[in-house]
Amino acid sequence: MGLISSYRMRLRRRYWRARAFRRRRQLRVVRDRTRSFGPGAILAASTVRNERARLPYFLDYYRAQGVDHFLFVDNGSDDGTCDYLAAQPDVSVWRTRASYADAAYGVDWLNWLLRQHAHRHWCLTVDVDEFLVYPFCDTRPLRALTDWLDASSVRSFGAMILDMYPKGPIGGRSYHEGQNPFEIASWFDSGNYMFERNPMYGNLWIQGGVRARTFFADRPRKAPALNKVPLVRWHRDFVYVSSTHALLPRGLNLTYDAGGGEKTTGVLLHAKFLSLFVDRAAEEAERSEHYRGAGEYRTYAGGLDGQTDLWCKWSERYINWRQLEILGLISKGNWA
């Protein structure tokens, strides 16, 4: 990268830090337990709205993986989400009713909380329907991964979103609170993925899978991005700039081997397509608080109902991380 481009990236990083500083006043503390965790704690951060049914399994899943403390922003929930989170002993929660879209889809709020509380911590930034799977996750906790990344002088860990869905009508089985969502949504597309390097941030842009196949077949370039950098050894000067798809400084986005080799990567099993999502898609399409005026959600709302079946003859049933490695969807790289 040339000197001019490097200078522009520094200016862009300052811009995103300034955005986070301005939006900090939108956050009201509900429960701040950040003094309860020590310097080696692994953190998780998320923005939520009306996710009460999903939260018990989400918290249990990441506690079992080794997350020590959770930072949540509640964006105006009215289903008991905020009260539930405030009652959890390992959760700190802030609340805001400000516009999700105006806060760069929650990025400004999380950038501020990460700057204040995650400095020098490994932090996992995910949505509550995203579940990290990484090599050896069935036998090695998250701290084993972060310790190995530290020993390898690696500051960030990449993961592809893998959309999961049921076989049969999406509304055929109701999801109940605390349930493992992959008891219902246990299928995924093993192919149909496009990879391209983003010239601005250097991240690997990934599209495809069931959403491209079903909802964006006539315009695949408009399909949602599936690349994320969810796990980062955070520094107060870092910023997310596009959900968790890209960060600054740019080097954090190089979670792949540009020379054709393999780096250790994971996937985020994405439990979006449950019975809950039919009504949620219509609601979010009307609220218009998501990316590009919620155009993606309008597409879902227009092509999705309780009878929609996303399964096809090429669908694969999820077994474990080793299956994903065989399919080339994750890599253990040189972590043995």
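Here are some notes:
- Elements of type strands (runs of 3 or more DSSP E) in segment 167-264, at least 2 residues being modelled with pLDDT under 95, more than 18 Å from the chain's Cα centre (by Cα) and farther than 29 Å from Ala336 by Cβ: 193-197
- Every residue from segment 60-92 that is of a type in the set (S, T, N, Q), over 17 Å from the mean Cα position of the chain (by Cα) and not in a helix (DSSP H, G or I): Ser77, Gln88, Ser92
- For Val154: the one exception among (1) aliphatic (A, V, I, L, M); (2) assigned to a strand (DSSP E or B); (3) closer than 30 Å to Glu325 by Cβ: (2)
- Some residue of segment 298-311 being under 25 Å from Gln65 (Cα atoms) and at pLDDT 95 or above: no
- Residue within segment 9-20 that is crowded, with 21+ Cβ neighbours inside 10 Å, under 30 Å from Thr139 (Cα atoms), among the hydrophobic types (A, V, I, L, M, F, W, C) and at pLDDT 95 or above present: no
- Check on Ser36, of a type in the set (Gly, Ala, Ser), touching a residue at least 24 places away in the same chain (Cβ under 8 Å), surrounded by fewer than 15 Cβ atoms within 10 Å (Cβ to Cβ) and in contact with an Asp or Glu (Cβ under 9 Å, 6 or more places away or on another chain): yes
- Subset of segment 106-151 that is in a helix (DSSP H, G or I) and of a type in the set (Asp, Glu) - its residue that is surrounded by the fewest Cβ atoms within 10 Å (Cβ to Cβ): Asp150
- Within segment 56-74, being surrounded by 22 or more Cβ atoms within 10 Å (Cβ to Cβ) and of a type outside the set (Phe, Trp, Tyr) holds for Val67, His69, Leu71, Val73, Asp74.
The values are calculated or read from the model by the stated rules, or taken from the named source; none is laboratory data. Predicted, not measured: the structure shown is a model, and the values here were computed from it. Note: ideal-geometry Cβ built from the backbone for every residue, glycine included; neighbour counts use all protein chains shown.
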